[in-house]
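Please treat every number below as a calculation from the coordinates, not as lab data. Being a predicted model, the structure only gives us computed values, none of them experimental. Reconstructed Cβ throughout: ideal geometry from the backbone, glycine too, with neighbour counts over all protein chains shown.
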Amino acid sequence: MTRPPTAAQRRVIDAADPVTGRLRGTEAQLAALVKRGLAFRHPRPPHDHFLTPEGHRVRQGVMQVHEPATEAPATAGVFAARVGGEETAPETGPARRREVHSAWQGLLELRRMTNPDGAVERPCGWERTHLVQASALALEAAGHHPAGRGEGGYRVRETPQPEAVAVYEPDSEALRTCAATLEGAGWQVSEHREPRTGTRYLLASPRRA
């Protein structure tokens, strides 16, 4: 998202229900927010629209979206959980912790609103289409340290398997702690070794039941 919401869109976001994130607006406004990733359309009738975790952060003023002076990547200004090993990573500190906490609370609300039984202990459809981002958010929100330029810290990576990510952490105890965190967040986790290198890693998939 390279532009801030329009004034009309911002009014729709600000008027969202503070608990559920339910939105009211014209079809064009709601469709534009969905396109920007700030809202989603509920799959069940009456097909209301709700804020996504990103939308909740915009409403709370946690996420700052700026008009770029020059051409910038399409993801500029959009919150992203740390997957580990990024070339440029956000600064750590209280502001980042608040941002991550807000993102995690928004994701729990998204689970409550979109899981058929309203369960917050089980991943929702959004997480199944954003596996790396969702699992990384669970780890970062729990206080795990993502890998930087050095060797330590977790790294979350895509895998060829459907609905599965790989989590690497060179410290065996930290790897087990990552597994416990993901299991507590509703993911099914198993530990494996790469056949050629012997490197331990976790294979994690969002639990369905």
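Values as computed for the structure displayed
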{"read-out": "More than 25 angstrom apart: percent of Cα pairs within the chain", "value": "41 percent"}
{"read-out": "Using a Förster distance of 22 Å, the FRET efficiency for residue 17-residue 208 (Cβ separation, nearest 0.05)", "value": "0.20"}
{"read-out": "Relative contact order (%) - criterion: Cα under 8 Å, at least six apart; region: the chain", "value": "16 percent"}
{"read-out": "Highest-fluctuation residue, 145, 56, 42 considered, GNM on the chain with Cα pairs under 10 Å", "value": "42"}
{"read-out": "Furthest towards positive pole of dipole, 84, 195, 34, structure part the chain, Cβ charges", "value": "34"}
{"read-out": "Per-residue [θ]222 nm for the chain (sum of -39500 (n - 2.57) over DSSP H runs n ≥ 4, rounded to 500)", "value": "-10500 deg cm²/dmol"}
{"read-out": "Estimated FRET transfer efficiency (residue 115, residue 197; beta-carbon r; R0 35 Å; 0.05)", "value": "0.40"}
{"read-out": "Percent breakdown of C-alpha pair distances by 10 Å bin, ordered from the shortest bin, for the stretch 167-209", "value": "31, 51, 17, 1"}
{"read-out": "The stretch 104-209: C-alpha pair distances exceeding 23 Å, %", "value": "24 percent"}
{"read-out": "Sparse-neighbourhood loop sites, GluC sites (Glu not before Pro) in the stretch 80-156 - DSSP loop, at most 10 other Cβ within 10 angstrom", "value": "87, 91, 151"}
{"read-out": "Neighbourhood net charge (11 Å Cβ-Cβ; Lys/Arg +1, Asp/Glu -1) for residue 138", "value": "-3"}
{"read-out": "Rounded to the nearest 20 debye, dipole of the chain from Cβ charges on Lys, Arg, Asp, Glu", "value": "500 debye"}
{"read-out": "Largest-first ellipsoid semi-axes for the stretch 81-150, taking √(5λ) over the Cα gyration tensor eigenvalues, angstrom", "value": "25, 13, 8"}
{"read-out": "Cβ-derived FRET efficiency at R0 25 Å, residue 24 paired with residue 95, nearest 0.05", "value": "0.25"}
